[in-house]
Each structure stands twice: as C-alpha cells, then as structure tokens.
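Okay, so here's the structure we're looking at.
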Amino acid sequence: MKPRVYSSLPAFLAHWQLLAAARDTLSPQEAELLDAMEQTLARLTPDERAALDDHSYPQTGAARRRRERYQLKLQRLLTGEGWLEG
C-alpha cells in the first residue's frame, strides 16, 4: 500500500488516533491504512509510543524534552517512508 502523505506530524498522529479509536468500524481501506501506519509506529519503543499520547505521558520538563526527541525521530521515520511531505 502506498502511504498517504500528510502535511505534518500532528496531522498524521491525529488521523492515526482517529482510526485506532474507530478500529471496529473501519472500511477495508481504512483498516489497511491503519495497519500500514501501525507498522511504521512499531519501529518506536513502547516508551516512545506512549509519549505520542498527550493524556497519558507526564508533562515535566524532562518528559517534554523526551517527547520532543521521540517526535523528531518519528518525523524522520515518516518522512523517510513517504508519509510526510519532505
């Protein structure tokens, strides 16, 4: 499947979270897109993935800096795989 191209990391994450929340009601195309997104996200560690969820990750200064590093790593992965506009 050719990845969809997103204009920004927040756009990708928002769409991923929306699809994941509606997992049981997705069309076959949406389910395929979610699977492809999750294959890319699987390249992150569990802590890196947890940091993508604003509501569950601590917001201390150190945690915020870690989250920013994780987002940069993900942005590079997504750009390299064609998910984000270069």
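Which ones in region 62-86 are open to solvent by 40 Å² or more (accessible area, probe 1.4 Å) and part of a loop (DSSP other than H, G, I, E, B)?
Of everything in region 62-86, those that are open to solvent by 40 Å² or more (accessible area, probe 1.4 Å) and part of a loop (DSSP other than H, G, I, E, B) turn out to be Glu81, Glu85, Gly86.
Take the residues in region 23-41 that are of a type outside the set (S, T, N, Q) and within 20 Å of Pro10 (Cβ to Cβ); name whichever of them is farthest from the chain's Cα centre (by Cα).
First, pick out the residues of region 23-41 that are of a type outside the set (S, T, N, Q): 23-24, 26, 28, 30-38, 41.
After this cut, where a residue has to be within 20 Å of Pro10 (Cβ to Cβ) as well, the list is 30, 33-34, 36-38, 41.
Working: Glu30: 15, Leu33: 12, Leu34: 10, Ala36: 11, Met37: 7, Glu38: 8, Leu41: 6 Å.
This residue is Glu30.
Any idea how many residues of region 48-65 are farther than 16 Å from Leu9 by Cα and at pLDDT 85 or above?
So the answer is 1.
The values are calculated or read from the model by the stated rules, or taken from the named source; none is laboratory data. Quick caveat, the model's predicted, so the values are computed rather than measured. Glycine gets a Cβ as well: all are built from the backbone with ideal geometry, and neighbour counts include every protein chain shown. Heavy atoms of the whole protein, side chains included, go into the accessibility calculation; ligands, DNA and RNA do not. Shrake-Rupley method; radii C 1.70, N 1.55, O 1.52, S 1.80 Å.
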